[in-house]
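Trainee: Shown below is the structure under consideration.
The values are calculated or read from the model by the stated rules, or taken from the named source; none is laboratory data. Computed from a predicted model, the values in this text were never measured in an experiment. Ideal geometry is used to build each Cβ from the backbone, glycine not excepted, and the neighbour counts take in all protein chains shown.
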């Protein structure tokens, strides 16, 4: 599985609308960078967050998820309490080709602050806004900046198309447009 280069990613973003909106290059300045990189794409976090709280709920159960364990926040920044967790979504909408799998890793700027970003792989023919899992492993509150970089996607190309894509199996997280909670 070879890793795809910036030229391939740029062509796919323009020709097939694989990433919308698409930033041609790394946008930096006084923000956490995002956009096209050498062998991947740094995606952004939106201004919508769901922060876990133990005030109204006692347990997290993926088979019977209680939305009362979450606090909704829509803001330019989100404070995640120490040793806590939040869900968010990407600014970008993705359409992954049938012969591509992605791996997502958190950006080092956040990782050096104890913030771990987990995003499951984007399977062949998955599309939607990705739901981001953001953990604050630090003993202090952590600030997340909306509309700035949060994680990098690396695109891996298979020798041939998969036999059954995410779209074929009617995956439960297909075409998500908002933060999506666990589904069974």
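Trainee: Residue by residue through the stretch 103-121, note down the ones that are within 21 Å of residue 181 (Cα to Cα) and in contact (Cβ under 8 Å) with a residue 40 or more places away in the chain.
Mentor: Residues satisfying the conditions are 103, 104, 105, 106.
Trainee: Related question: For the stretch 1-75, please list each of the strands (runs of 3 or more DSSP E) lying entirely inside it that holds at least 2 residues being touching a residue at least 24 places away in the same chain (Cβ under 8 Å) and over 24 Å from residue 86 (Cα atoms).
Mentor: Where strands (runs of 3 or more DSSP E) fall fully within the stretch 1-75 and carry at least 2 residues being touching a residue at least 24 places away in the same chain (Cβ under 8 Å) and over 24 Å from residue 86 (Cα atoms), they are 35-37.
Trainee: Related question: List the number of the failed condition for residue 87; all other conditions in (1) touching a helix residue (DSSP H, G or I) at 6+ places or on another chain (Cβ under 7 Å); (2) farther than 17 Å from residue 20 by Cβ hold.
Mentor: It is condition (1) that residue 87 fails.
Trainee: Tell me which residues, restricted to the stretch 17-58, are loosely packed, with under 11 Cβ neighbours inside 10 Å and farther than 18 Å from residue 149 by Cβ.
Mentor: 55, 58
Trainee: If the requirement is being touching a strand residue (DSSP E or B) at 6+ places or on another chain (Cβ under 7 Å) and at pLDDT below 90, which of these qualifies: 30, 4?
Mentor: Step by step, each of 30, 4 is checked, and only 4 is touching a strand residue (DSSP E or B) at 6+ places or on another chain (Cβ under 7 Å) and at pLDDT below 90.
Trainee: Kindly evaluate residue 92 against the criterion of being in a loop (DSSP other than H, G, I, E, B), modelled with pLDDT of 95 or more, closer than 22 Å to residue 8 by Cα and in contact with a strand residue (DSSP E or B) (Cβ under 8 Å, 6 or more places away or on another chain).
Mentor: Taking the combined requirement at face value, the residue does not satisfy it.
Trainee: Here's something else I'd like to know. Which of the residues belonging to the stretch 160-184 are farther than 24 Å from residue 74 by Cβ and either under 17 Å from the mean Cα position of the chain (by Cα) or in contact (Cβ under 8 Å) with a residue 40 or more places away in the chain (or both)?
Mentor: Those that are farther than 24 Å from residue 74 by Cβ and either under 17 Å from the mean Cα position of the chain (by Cα) or in contact (Cβ under 8 Å) with a residue 40 or more places away in the chain (or both): 160, 161, 162, 165, 166, 167, 168, 171, 172, 174, 184.
Trainee: Can you pull out the residues in the stretch 163-178 that are touching a strand residue (DSSP E or B) at 6+ places or on another chain (Cβ under 6 Å) and on the phi > 0 side of the Ramachandran plot?
Mentor: Selection gives 175 alone.
Trainee: Also, I was wondering about something else. If residue 98 satisfies every condition in (1) within 16 Å of the chain's Cα centre (by Cα); (2) part of a loop (DSSP other than H, G, I, E, B); (3) under 29 Å from residue 1 (Cα atoms); (4) touching a residue at least 60 places away in the same chain (Cβ under 8 Å) but one, which is the exception?
Mentor: Answer for residue 98: the failing condition is (1).
Trainee: Do any strands (runs of 3 or more DSSP E) lying entirely in the stretch 113-184 carry at least 2 residues that are touching a helix residue (DSSP H, G or I) at 6+ places or on another chain (Cβ under 9 Å) and surrounded by 13 or more Cβ atoms within 10 Å (Cβ to Cβ), and which ones are they?
Mentor: Ranges flagged: 115-118, 142-145, 149-157.
Trainee: Among the numbered conditions (1) crowded, with 18+ Cβ neighbours inside 10 Å; (2) over 14 Å from the mean Cα position of the chain (by Cα); (3) closer than 14 Å to residue 47 by Cα, tell me where residue 89 comes up short.
Mentor: Here residue 89 clears every test but (2).
Trainee: In the stretch 102-112, what residues are part of a strand (DSSP E or B) and farther than 18 Å from residue 9 by Cβ?
Mentor: Scanning the stretch 102-112 gives a single hit, 106.
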